[in-house]
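Remarks on the structure that follows.
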Amino acid sequence: MAQARWAILGTVGVPGNYGGFETLAENLVRFHSKHKIAGQLSVYCSKGSYPEHPPRYLSAELRYINLNANGPQSIPYDFFSLLGAVRHQTDVIVLLGVSGALALPFIRMISRARILTNIDGIEWRREKWRGLARLILKWSERAAVKWSHVVIADNAAIAKYVHDSYGVDCKVVAYGGDHALQAESVADPSLDLPDSYALTLCRIEPENNVGTILDAFSLMPERNLVVVGNWKKSDYGRNLRRRFQRFANIKMLDPVYDPGKLRWIRDGASAYVHGHSAGGTNPSLVEMMHFGIPVFAHGCNFNRFSTEGCAVYFENPAELVASVTGLDDAAAQEIGSAMREIAQRRYTWEQVGRAYFELLERV
C-alpha cells in the first residue's frame, strides 16, 4: 500500500526562523522524523528567504516557491503552493493561515486532497488592516471555514467564534512552547540589562498594547521593564520609542533572534507582561509560561483561556500598575508555578505533534 503524502503550506518554510507558524511547521517535521512516521511529508518554502535550498530537512522534502510568504505576495504564494501540492498528488494538505483560502473552492474542484486549515487568529480584526485588505481577509476566513475538511483553531475562544459565526466546529490544537527551554543560555553584557526586570517580547503593534504597558511602567520608576520588539518597523513603534526612551527604568531592545541570547534574557526576567489582545494562543505567551514566572496578561478571552484564568489580568495602565505593585512574593511564586504546570500539561510540542498526525492519519 502506498504511503500517504502530506504537505504543509502557508509558512516561510523550515528550518523556522520567522514566527509562530514556522515554529509549528518545524516541530511537526521534527515529530515526523523522531517517531519515524510512515508517510511522506513535504513543506513549501519561500525561496528568497533562504540563502541555500537543500532538497530535504530531516525527514521532510522541501519545495520552493519563488515568492514572498508574507505581505502582498502571500496570496499568490499560497495559491502556487496549493497548485504544487495538487500536482504532486498530495493526499492531505495542512494550510497554515487563511491567505490562500480563496483558492480552496478551485482546489476542491481539481483535487481529491483533504484540506486541514489552521485559521490562526481573527486576522481581519487586527488594527493594521483597513479597507480592502480587511475585507479580503474576512472573505478568506469564510472560505477557509467553508471549504476545508477540517478547521483547526489554536484556542477555544477562536473555536467558539467560528462556531458562533459560521456554525462549524473546530478541532482545537494549541502551540508548543517547550522549545524555548532547549537553547543554552548565552549572556550578552552589551545589552546592559538591569538585575531585576519584567519582560515583554512581541511585535510592536497596537493590538499588542505596547503603549499601555509602557505607560504603566513609566508610572513605576522603581520597577524595571525590558521590551524586545521591532520598533523600527512602523510609525507606531518609532513614536513609542521616541516617547519613552527618557525613562531610565524602561529598556527597549531591537529584535533578538539568537536562541541563546533570547534564553538569557528570558532567564533573567522576574515577570512577563503580555499585551496581546488579538489572535488565539500566542506563541510568546506559552513559551514564557514554561519559565515559571508570574504572567500579567491583557484580559481578553484568548489569554484567559490560555492561562486557565490563573494569570493576573489588566485592561489599561492603571490596572497594570495596581497589579504589579500589589503582587507579593508568595502570590508571585504561586502564579509562576501555575503557569509552568499549565504549560507542561498543555503546551509541549510532543502533544501538538501527536494531535496533528492523528488528524492527518484519520482524515
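Here, each number is a calculation from the coordinates, and none is a lab measurement. Quick caveat: nothing in here was measured; it's all calculated off a predicted structure. Reconstructed Cβ throughout: ideal geometry from the backbone, glycine too, with neighbour counts over all protein chains shown.
Note on the range 1-117: Cα-Cα pairs beyond 17 Å make up 50% of the total pair count. Ranked by the mean number of other Cβ atoms within 10 Å of their residues, highest first, the peptides 322-331, 238-247, 100-109, 55-64 come out as 100-109, 55-64, 238-247, 322-331. Taking the range 247-284 and a reference point 7 angstrom along Cα→Cβ of K232, the backbone N atoms nearer than 14 Å belong to 253-257. Just tell me, in residue order, which DSSP H segments of the chain are both 18 angstrom or longer along the helix axis (alpha-carbon based) and at least -0.5 in mean Kyte-Doolittle hydropathy. Membrane-span-like by this rule: 20-34, 74-87, 131-147.
Of K138/K232; K138/K160; K232/K261; K146/K171, which pairs sit farther than 23 Å apart, going by alpha carbon to alpha carbon? Exceeds cut-off: K138/K232.
For the range 150-223 and the range 298-342, compute the distance between their C-alpha centroids and round to whole Å. The distance from the Cα centre of the range 150-223 to that of the range 298-342 comes to 13 Å.
Every Cα-Cα pair in the chain was counted, and those over 28 Å apart are 45% of them.
One chain, two ends: Y50 and L219. Fully extended at 0.36 nm per residue, the span grows by 56.5 nm beyond their Cα-Cα distance. For the range 179-346, what class follows from the C-alpha gyration tensor (a ≥ b ≥ c being the square roots of its eigenvalues): rounded when a/c is under 1.5, otherwise prolate if a/b is larger than b/c, else oblate? Judged from the Cα gyration tensor, the range 179-346 comes out rounded (a/c under 1.5). If a/c stays under 1.5 just call it rounded; otherwise compare a/b with b/c (prolate if a/b is bigger, oblate if not). Do that for the range 49-191, with a ≥ b ≥ c from the square roots of the Cα gyration tensor eigenvalues. Oblate, since a/c reaches 1.5 and b/c is not below a/b.
Over the C-alpha atoms of the range 160-231, the Rg to Rh ratio, Rh being the Kirkwood estimate, stands at 1.13. Here the label points at Q3 and C310, each 7 Å from Cα along the C-beta direction, are separated by 3.9 nm in the simple model. Over all pairs of different C-alpha atoms, the range 1-60 has a mean inverse distance whose reciprocal, the Kirkwood radius, equals 11.9 Å. You can think of it this way: the chain between R345 and R108 has 81.6 nm of extra reach, that is 0.36 nm per residue less the Cα-Cα gap.
Under 1.5 on a/c is rounded, so check that first for the range 272-338, then, if it is not, pick prolate when a/b is larger than b/c and oblate when it is not; a ≥ b ≥ c are the square roots of the alpha carbon gyration tensor eigenvalues. It is oblate, given that a/c is not under 1.5 and a/b is not larger than b/c.
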